Amino acid sequence: MYLCQVNVSEIRYPVTDPRFLKFSAGARVINRKVALAQGYICGDQMYDDDTLFITRSVWQSPADLAAFVYSGTHQKFMAQAANWFKPTVEPSLALWYSDSPGLPCVEFCLQQLALLRREGEGDNLKAKQWLLSQVD
């Protein structure tokens, strides 16, 4: 089984806005680091109409994802997320298990997030609080 994740954040500024450029530069650094992270299989990031930033990835285990998300560079960088992304009251991160190590399509990922928002966590569908519980 592989752990899939999708994280969707609403962007405060257009991606070409100078206020957003620090995020874009930092994201390139994070992308280089994630490619070397233990348990990382694949992933990508995309902008949707200058309003949403979508991250998808597949990992060997929850512990591998948690170790990357809550360690060093990524955690320090994302502590500044409020500068670039709007707050949300709905879950913005969905996690689920898959038999395939392939990256799920964006549409499927967004469906998983919508399902989490509508129905809450289930046996296979998890959210950020569950990921936090995986940190040693």
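What's the total number of residues in segment 12-48 that are within 22 Å of residue 104 (Cβ to Cβ) and among the β-branched types (Val, Ile, Thr)?
Residues that pass the stated criteria total 3.
State whether the residues of segment 109-119 include one that is open to solvent by 60 Å² or more (accessible area, probe 1.4 Å), under 19 Å from residue 4 (Cα atoms) and of a type in the set (A, V, I, L, M, F, W, C).
Yes, segment 109-119 contains a residue that is open to solvent by 60 Å² or more (accessible area, probe 1.4 Å), under 19 Å from residue 4 (Cα atoms) and of a type in the set (A, V, I, L, M, F, W, C).
Is segment 47-69 home to any residue that is touching a His at 6+ places or on another chain (Cβ under 9 Å), crowded, with 18+ Cβ neighbours inside 10 Å, modelled with pLDDT of 90 or more and within 13 Å of residue 7 (Cβ to Cβ)? Give the steps one after another, and end with the answer.
If we filter segment 47-69 for residues that are touching a His at 6+ places or on another chain (Cβ under 9 Å), which is where we start, we get 68.
Going one step further and asking which of them are crowded, with 18+ Cβ neighbours inside 10 Å, we end up with 68.
Restricting the remaining residues to those that are modelled with pLDDT of 90 or more gives 68.
Still in the running and within 13 Å of residue 7 (Cβ to Cβ): 68.
Taking every residue of segment 47-69 in turn, at least one turns out to be touching a His at 6+ places or on another chain (Cβ under 9 Å), crowded, with 18+ Cβ neighbours inside 10 Å, modelled with pLDDT of 90 or more and within 13 Å of residue 7 (Cβ to Cβ).
Table: residues versus (1) of a type in the set (A, V, I, L, M, F, W, C); (2) open to solvent by less than 70 Å² (accessible area, probe 1.4 Å); (3) closer than 22 Å to residue 126 by Cα.
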{"residue": "24", "(1), (2), (3)": "no, yes, no"}
{"residue": "28", "(1), (2), (3)": "no, no, no"}
{"residue": "31", "(1), (2), (3)": "no, yes, no"}
{"residue": "41", "(1), (2), (3)": "yes, yes, yes"}
{"residue": "76", "(1), (2), (3)": "no, no, no"}
{"residue": "88", "(1), (2), (3)": "no, no, yes"}
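The values are calculated or read from the model by the stated rules, or taken from the named source; none is laboratory data. Since the model is a prediction, treat every value here as computed from it, not as a measurement. Here the Cβ is made from the backbone with ideal geometry for all residues, glycine too, and neighbour counts use every protein chain on show. Accessible surface areas use protein heavy atoms only, side chains included; no ligands, DNA or RNA. Shrake-Rupley method; radii C 1.70, N 1.55, O 1.52, S 1.80 Å.
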